[in-house]
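Please treat every number below as a calculation from the coordinates, not as lab data. Given the structure is predicted, the values throughout are model-derived calculations rather than measurements. Ideal geometry is used to build each Cβ from the backbone, glycine not excepted, and the neighbour counts take in all protein chains shown.
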Ligand SMILES: N[C@@H](CCC(=O)N[C@@H](CS)C(=O)NCC(=O)O)C(=O)O
C-alpha cells in the first residue's frame, strides 16, 4: 500500500493525499514535519528534511509535484494526465507555476495562520495579498477559457493550484475579483476527496 509521509496541514502533503483519494488509491499517512519532527530514518529517505515523501513498493520519492506525476502515470494515465505532449505540457505548466504562487502567498499565510495577532507583519500581509492576487488574475484568465487546468476534464494539473485555492479564499486578506477561479474552486469543493483532505482548517 502507498505510504505518505507528512503532516496534513502542509499544502504539499495535501496535494498527494487528495490526489491519492481522487484516483481511489488506498494509502496510510504518517505525521512528519513541523511539530511532529523528523526521524533519522525519514531524513535518510528525504535528505532535504522536507515533506512529503512517499513509499510505493520499492519506489521512494520526494517533491510533491513529481509524486503527483508518478501517481498519475502509474495509476491513472488515461483519466488524469493527457497522453498528447502538448496538452500534457499545458497542464504541467500550471503545476510548476504553483511554486511561484506559493512564494507570493507565503507572507500572508505565515503571518495570518502561524503567528499570533500581536506578532503579525501587516506590510508583509498586504504585499503578499497583492502579489498572490495579481497571480490569481492570471489564473482567472486561463480558467475563463477552459473549465479545468488540465483541459476539458479534471486531472493532475488541477491539484497543486487546487490546494492553494483553498488557502487563497480562506485567508483573511484582500483579494481581487476572480470569478473563474472562484467557480473552479466551487467545483473542486464538490469533490469528496478534496473536501476530506484539503478543506480542513488552516493551521
Ligand atoms: N518543493 C517541495 C517543497 C516541500 C516543502 O517545502 N515542504 C514544507 C511543508 S509544505 C516542509 O517540509 N516544511 C518543513 C516541515 O514541515 O518540517 C515539494 O513540493 O515537495
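The label point for residue 114 and the one for residue 202, both projected 7 Å from the Cα toward the Cβ, are 1.3 nm apart. With viscosity 0.692 mPa s and temperature 37 °C, the Kirkwood radius over alpha carbon pairs of the stretch 11-159 converts through Stokes-Einstein to a diffusion coefficient of 191 µm²/s. Across the chain, Cα pairs under 8 Å and at least six residues apart give a relative contact order of 24 percent.
Which of 59, 178, 43 ends up with the largest GNM mean-square fluctuation for the chain, with Cα atoms connected below 10 Å? Maximum fluctuation in the GNM of the chain, among the listed residues, is at 59. The label-point distance for residue 27 and residue 87, in a model that sets each label 7 Å from Cα toward Cβ, rounds to 2.5 nm. Within the listed set 67, 23, 138, the Gaussian network model of the chain (springs between alpha-carbon atoms below 10 Å) gives the highest mean-square fluctuation for 138.
If packing is taken as the mean number of other Cβ atoms within 10 Å per residue, what is the order of 185-191, 102-108, 35-41, highest first?
Values: 185-191: 15.6, 102-108: 19.4, 35-41: 10.4.
Sorting 185-191, 102-108, 35-41 by mean packing, highest first, produces 102-108, 185-191, 35-41.
May I ask you to sort 22, 63 by Cβ crowding, counting other Cβ atoms within 10 Å and putting the fewest first?
Exposure proxy ranking, most exposed first: 63, 22.
Under a 10 Å cutoff between Cα atoms, tell me which one of 87, 135, 44 has the largest fluctuation in the Gaussian network model of the chain. Result: 44 has the largest fluctuation of those listed.
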